[in-house]
Structure formats: C-alpha cells, structure tokens
Amino acid sequence: MHSDSEGMTVLELLILTGLFLIFIGLFGGTIYSAFFGSDAQITGGIVSGSVRGETTVIYTEGSISGYEDICGTFDGVELYTARPDSRKLGSILLPVKTTISSYTKNPVDIRSFTVMVYYSGSSETLTYSEKNPLEKPAWTVAQRSGYIPLQDADDDYLIESNEIFDILVYPGSSLPPGANFGVEISSGTGIPLKEDLTVPPQIDSREVVILKP
C-alpha cells in the first residue's frame, strides 16, 4: 500500500508539471505583455533576450570648457572661423559618458546623437562633422579616453560604459561675455543631457575658459 501511494504521488506531480508547462507555452507571452508592455518580442513561446528597448543615460564627466572664437586647435581639433573674435566664446567641450539600461547593453554609435544649442530665445541643431578644419555650425568627437584602469577607449564611434568621449560643440554664432546658453545632447532614448551655462565676463587672451567645474 505504501508503495502504491508513493507511485500515485509521483504520477500526480508529473501530470501537474506537464499541465504547468503547457500553460506557460500557451499563455506565457500574454502574461509577459500584460506586465511588461505589448512591445515585447516573443519567439517560440520563450521571451527573447532583447525584449525591452534600450535606455541610454548621458552625463558629463569632468569640467565643461570653452574656447575663444578664433582659428586654432582645441582638444586636438582644428577650428576655422571666417570672423574671429577673441572677445567671444566660439566652441564648447563636454566630456560625456553613458550608462545603458537594457538586457543587451549594446554600445551606442555616438554619431547618432543629436546635439542642440539654445541661446537668446532660439535653438540650433548641429550636424555631426569630421571635416578638418572644423567649420561652424557642427559638432564632433575630439578625444576618447577610458576611466577604468588598463581599459583604454577604442578608436571607434561606439561609446561604451568604460569610455569618455569629448564632444566638441561649434555653434553657428559666437557667444558674448555674460551670455546665458545651453547645450542639449540626446541619444534618442532616455532623458537628454541638458547643461545650462554662462560665458565668463571676460575671455580675451585666455583662450580656454572653464564653463562648469
């Protein structure tokens, strides 16, 4: 009797397990979508590895600096302006890094970023450029570095979690002393990086100025 009782218990467990697996196979996708959104990708009744969209968080790492509006080299980038004016701010340098929230954690091609400058009640969306010398209006990647020991930045356009890219912003109009302006950098996902900045009262002959420590 004792052996038969144990046999029935094992059989019941097998039946229940089979029913549970059938239930998951039939309705697992519906349940997942209900909790995580209807845009989830389901393959063969199993949740694929990249069902959720990626969210890229951009933030600055270090000081934001500016360069007077003259022809010259700023962070390794040769700049050209048709009307130099050393009394005004011509370009802005923002060292940025990213945190990617996703299942895949794929690095992002920084050339897909959107860079916008806003000042005097107007805004200007800049185009990525690798022209040498760099001409207004445009933005480019100046330097790349790694902040994790023994992990240097790759010489490519994919900004990874251990890398810092110096974004050089070169707006169409130079900015006078005391001007308030802002820079917005967006990856298309997540919350854009927004920096509100002010040009120092005097930048003539100083060339490089710190806009934000």
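FYI, it's all coordinate maths here, none of it is from the lab. Source: prediction; values computed, not measured. Backbone-built Cβ (ideal geometry, glycine too); neighbour counts: all protein chains shown.
Take each peptide in 169-182, 124-137, count the other Cβ atoms within 10 Å of every residue, and average; sorted highest first, the result is 169-182, 124-137. The phi torsions of the stretch 206-212, fed into the Karplus equation with coefficients 6.51, -1.76 and 1.60 and a -60° offset, translate into couplings of 8, 6, 9, 10, 8, 8, 8 Hz, rounded to whole numbers, with Gly and Pro shown as x. Taking the inverse of the mean 1/r over every pair of distinct Cα atoms in the stretch 128-213 gives a Kirkwood hydrodynamic radius of 15.2 Å. Scanning residues 5 or more positions from A179 or on other chains, those with amide H under 5 Å from its amide H are V199, with H placed 1.01 Å from N in the peptide plane. Working note: Karplus 6.51/-1.76/1.60 with θ = phi - 60° gives the stretch 59-71 the couplings 8, 7, 10, x, 6, 9, 10, x, 10, 4, 7, 9, 6 Hz, where Gly and Pro are set to x.
Given N residues in the stretch 55-212, what is Rg(Cα) / (2.2 N^0.38 Å)?
So the stretch 55-212 has a normalised radius of gyration of 1.02.
Near Y118: Cβ cut-off under 13 Å, other residues only, Lys/Arg at +1 and Asp/Glu at -1. The net charge is -3. Applied to the stretch 164-172, the Karplus parametrisation 6.51 cos²θ - 1.76 cosθ + 1.60 on θ = phi - 60° returns per-residue 3J(HN,Hα) values of 10, 10, 7, 8, 9, 9, 10, x, x Hz, with x for Gly and Pro.
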